[in-house]
1. For residue 277, state whether it is among the aliphatic types (A, V, I, L, M), more than 24 Å from residue 61 (Cβ to Cβ) and not in a strand (DSSP E or B).
2. Please determine whether any residue of the range 325-332 is touching a Ser or Thr at 6+ places or on another chain (Cβ under 6 Å) and in a strand (DSSP E or B).
3. Are any residues in the range 237-257 within 15 Å of the ligand (Cβ to nearest atom) and aliphatic (A, V, I, L, M), and if so, which ones?
4. Tell me yes or no: at least one residue of the range 258-272 is in contact (Cβ under 8 Å) with a residue 12 or more places away in the chain, over 15 Å from residue 309 (Cβ atoms), within 16 Å of the ligand (Cβ to nearest atom) and in contact with a Lys or Arg (Cβ under 7 Å, 6 or more places away or on another chain).
5. For the range 273-295, which positions are within 16 Å of the ligand (Cβ to nearest atom) and within 18 Å of residue 201 (Cα to Cα)?
6. Does residue 169 meet the test of being modelled with pLDDT under 90 and within 15 Å of the ligand (Cβ to nearest atom)?
7. Residues that are closer than 15 Å to residue 224 by Cβ and aliphatic (A, V, I, L, M): find the strands (runs of 3 or more DSSP E) completely inside the range 88-174 holding 2 or more of those.
Amino acid sequence: MIRRDFLKSSLLTLPVISSTTASAGKQIAKKPLVVSTWDFGKAANAEAWKILNNKGRALDAIEQGARVTEADESNKTVGYGGYPDRDGRVTLDACIMDEKGNCGSVMCLEYIKHPISVARMVMEKTPHVILVAEGALQFALANGFQKENLLTPDSEQAWKEWLKKSNYSPVMNIENKSYNQKEPDAGFFPGSIDNHDTIGILALDTHGNLSGGCTTSGMAFKMHGRVGDSPVIGAGLFVDSEVGAATSTGVGEEVIKCVGSYLVVEYMRQGNSPREACKKVVERIAKRDPEKAKNIQIGFLAIDIHGNYGAYALQKGFSFAVKSEKEEIVIPGESYFI
Ligand code: SD4
């Protein structure tokens, strides 16, 4: 069932966001502004805000914000503490884009806690956009990053439990369930699999510069070498300073198939609000494969160059965090299915 009246009801039931028409993209929050996926985006936003509030550059805010999540062991996987792939290896994906449309990406990077910073270095110090696996590690080590064991005892234990059944089947909204510990077992379902705590973060600074980043350890217990949407420019992230920026979370394969974040930005270019643009892409995903769409979660988050923001997901349970001068809130995302 489509959630047609979600906005109306959410504004009635959630006083925390009643001062804003966030989902309609008309809220008062202007620049500077930072938005991030999921509840844990709040901590990333707070770090990013230190830079934005000092008239700093959006790109720096993105990197510093994303690093908070990457270092947070409790959210079971952006960076350190991430669940490994099915071979027990923690492989990380990240990308970053600046206000000029420059971008950098690392895929399947092992042993480095802050892939977002390596992605930035790829963007700024190489003639390339993407480095993968061994090459990305080599580049990181050559540029002063430390080699660390990212597999914590908790994550190793979860992997060993998973191996007993070795069933790969993503769990919806695992990002918030495990992070908030509302469901103690949500971090690991025996015989099943977790989505990981991807953070997508978008910022607009006081100078009007727009940037974004996305970092993840990908889907838990994925095949070794699997890369999702997060580090794929256009899929997990896209920034266009003339229009806006978008990022995604959820089952990356389906986002890659529709080049999701790029599509959100293009819908904004056509005059749609961030929320409407996200909704249109979610609807296209649902239309392409209705049966699959019922059983997976995908969420998009977007901002435009005027500082309007919005989001939309396939399933309920998605959330995003907003920080501006006037707001510090976590907003439940609207969804296609109830
Ligand atoms: C992926 N999109 O690797 C990521 C996973 C994710 O929240 O977003 N989880 O497909």
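1. On the way: among the aliphatic types (A, V, I, L, M): yes; more than 24 Å from residue 61 (Cβ to Cβ): no; not in a strand (DSSP E or B): yes.
No, not satisfied.
2. Filtering the range 325-332 for residues touching a Ser or Thr at 6+ places or on another chain (Cβ under 6 Å) gives 330, 332.
Next, from what is left, pick out any that are in a strand (DSSP E or B): 330, 332.
Yes; the residues of the range 325-332 include at least one that is touching a Ser or Thr at 6+ places or on another chain (Cβ under 6 Å) and in a strand (DSSP E or B).
3. Pass one, the range 237-257, residues within 15 Å of the ligand (Cβ to nearest atom): 237-238, 246-257.
Result: 237, 246, 251, 255, 256.
4. Yes - at least one qualifying residue is present in the range 258-272.
5. 278
6. Numbers: modelled with pLDDT under 90: yes; within 15 Å of the ligand (Cβ to nearest atom): yes.
It is true that residue 169 is modelled with pLDDT under 90 and within 15 Å of the ligand (Cβ to nearest atom).
7. Working: elements: 92-97, 103-109, 130-132.
In the range 88-174, the matching strands (runs of 3 or more DSSP E) lie at 103-109.
Yes/no matrix, rows are residues, columns are (1) at pLDDT 95 or above; (2) within 16 Å of the ligand (Cβ to nearest atom); (3) in a helix (DSSP H, G or I):
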{"site": "2", "(1), (2), (3)": "no, no, no"}
{"site": "7", "(1), (2), (3)": "no, no, yes"}
{"site": "11", "(1), (2), (3)": "no, no, yes"}
{"site": "20", "(1), (2), (3)": "no, no, no"}
{"site": "34", "(1), (2), (3)": "yes, no, no"}
{"site": "44", "(1), (2), (3)": "yes, yes, yes"}
{"site": "48", "(1), (2), (3)": "yes, no, yes"}
{"site": "67", "(1), (2), (3)": "yes, no, yes"}
{"site": "83", "(1), (2), (3)": "no, yes, no"}
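The values are calculated or read from the model by the stated rules, or taken from the named source; none is laboratory data. Just so it is clear, the structure is predicted and the values come from calculations on it, not from any experiment. All Cβ positions, glycine included, derive from the backbone under ideal geometry; neighbour counts span all protein chains shown.
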